[in-house]
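Working notes, structure below.
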Amino acid sequence: AAVLEAEDATVARGAVESNHRGYTGRGFVNYDNVTGSSVEWTVEAGAAGSVPLTLRFANGTTTDRPMTLTVNGTPVATGRSFPGTGAWTRWQTTTLDVNLQEGTNTVRATATTANGGPNVDSLTVGDSGGPGPGPG
Ligand code: GCU
């Protein structure tokens with residue numbers, strides 16, 4: 001599976017930060033606390049078909065931070081839940097299957113409430129190989 005770091009993606013209304021441990025790569029994206037803040041990844045696919053997408057995130061609040069996920073501009077999950085994870089250093093994953101087209105695709109995660117999105121670490125394309133390293 002390919003791990004695409006959020007800090008290497010296109011961020012609209014958010015900041016790359018590294019002040020909460022447990023992230024992979026150089027850091028994570030802290031979405032601005034506004035509706036519409038987003039991260040967009042470019043995803044290459046060798047062939048058209050269904051593939052699992054896994055978002056790794058942390059939400060240190062007790063309030064859901066829902067986001068809408070789009071593939072090539074088409075919503076594939078509207079207001080998907082990114083619930084509290086217990087702390088900003090506790091990272092969890094959520095996975096959904098999507099259809100990609102052959103070649104270049106865009107995958108975007110956009111906050112749907114004024115709280116913005118959770119902190120987002122990465123997008124994994126393909127089988128993510130289990131729950132990952134866990135908290136901390
Ligand atoms: C805190 C936290 C950030 C987080 C923010 C938020 O400031 O340190 O990492 O993004 O809360 O509520 O979105």
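Among the residues of region 99-119, what is the count of those that are of a type outside the set (D, E, K, R) and either within 14 Å of the chain's Cα centre (by Cα) or at positive phi (or both)?
The number of residues fulfilling the criteria is 11.
For region 111-118, check the following and say yes or no: at least one residue is among the hydroxyl-bearing types (Ser, Thr, Tyr), in contact with a strand residue (DSSP E or B) (Cβ under 9 Å, 6 or more places away or on another chain) and touching a residue at least 60 places away in the same chain (Cβ under 8 Å).
yes
How many residues does region 1-34 contain that are within 13 Å of the ligand (Cβ to nearest atom) and β-branched (Val, Ile, Thr)?
Going through region 1-34 one residue at a time, the tally reaches 4.
Does GLU40 fit the bill of being surrounded by fewer than 21 Cβ atoms within 10 Å (Cβ to Cβ), within 16 Å of the ligand (Cβ to nearest atom) and either β-branched (Val, Ile, Thr) or touching a residue at least 12 places away in the same chain (Cβ under 8 Å) (or both)?
no
How many residues are under 21 Å from VAL43 (Cα atoms), within 11 Å of the ligand (Cβ to nearest atom) and surrounded by fewer than 20 Cβ atoms within 10 Å (Cβ to Cβ) if we restrict to region 88-119?
0
Restricting attention to region 67-87, and to residues there that are within 14 Å of the ligand (Cβ to nearest atom) and touching a strand residue (DSSP E or B) at 6+ places or on another chain (Cβ under 6 Å), which single residue is farthest from LEU55 (Cα to Cα)?
Of everything passing the filter in region 67-87, THR85 is farthest from LEU55 (Cα to Cα).
Search region 95-110 for residues being free of Cβ contacts under 8 Å to residues at least 60 places away in the same chain and touching a Leu at 6+ places or on another chain (Cβ under 8 Å), and hand back the single one that is farthest from VAL51 (Cα to Cα).
Going through the qualifying residues, I end up with THR95.
Which one is surrounded by the most Cβ atoms within 10 Å (Cβ to Cβ), of the residues in region 1-19 that are part of a strand (DSSP E or B), in contact (Cβ under 8 Å) with a residue 60 or more places away in the chain and of a type in the set (Gly, Ala, Ser)?
GLY14
Would you confirm, using the coordinates I've provided, whether THR89 is closer than 20 Å to TYR23 by Cα, without any contact (Cβ under 8 Å) to a residue 60 or more places away in the chain and touching a Lys or Arg at 6+ places or on another chain (Cβ under 7 Å)?
The answer is no for THR89.
Is one or more of the residues making up region 83-105 out of contact with any Ser or Thr (no Cβ under 8 Å at 6 or more places or on another chain), assigned to a loop (DSSP other than H, G, I, E, B) and hydroxyl-bearing (Ser, Thr, Tyr)?
Checked against the condition, which is being out of contact with any Ser or Thr (no Cβ under 8 Å at 6 or more places or on another chain), assigned to a loop (DSSP other than H, G, I, E, B) and hydroxyl-bearing (Ser, Thr, Tyr), region 83-105 yields at least one hit.
Bear in mind that the values in this text are calculations on the coordinates, not laboratory data. Keep in mind it's a predicted model, so treat the numbers as computed, not measured. Neighbour counts run over all protein chains shown; Cβ positions are idealised from the backbone, glycine included.
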